[in-house]
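First the structure, in the form of structure tokens, and then the observations on it.
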């Protein structure tokens, strides 16, 4: 279907990746609304939370490339390697940075003396993802990538 390809970027694989990212962000907003009973529109564009939009984005790209170009093609290989690196980073490096931000925020909240100007701004704690959040984002991306490639390629 030509309209699906022309819709956002003119590139079906990029379009599917963007759709997977957008769905993850919308789901993240809904999960926050349901679990915390809080209408927080910042979750529509922020990192962290359930599901991982980074994982959805790269998994949609890799799965649609695998479907369209073959599971043994260099295209899929490159996309899969990049997806694995992004998901590893989301679940490990960025998650650890978020944990460090929690500790630093605690220290800043309990600072007994006058705070230096550096401590005036709270650090973002929701940077990374738990393995479950990465897995959920990955599944979402694979579903969008495969279904979209199957339907529109």
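Annotations
- Considered as an equivalent ellipsoid built on the Cα gyration tensor, region 40-108 has semi-axes of 32, 14, 6 Å, the largest given first.
- Separation of the residue 132 and residue 37 label points, Cα + 7 Å toward Cβ, nm: 2.1
- Each residue, residue 26 and residue 11, gets one label point 7 Å from its Cα in the Cβ direction; the gap between the two is 2.3 nm.
A short reminder: the numbers here are calculations on the coordinates, not readings from a lab. Keep in mind that what you see is a predicted model, and the values were worked out from it rather than measured. Please note: Cβ atoms are built from the backbone with ideal geometry, for glycine as well, and neighbour counts cover all protein chains shown.
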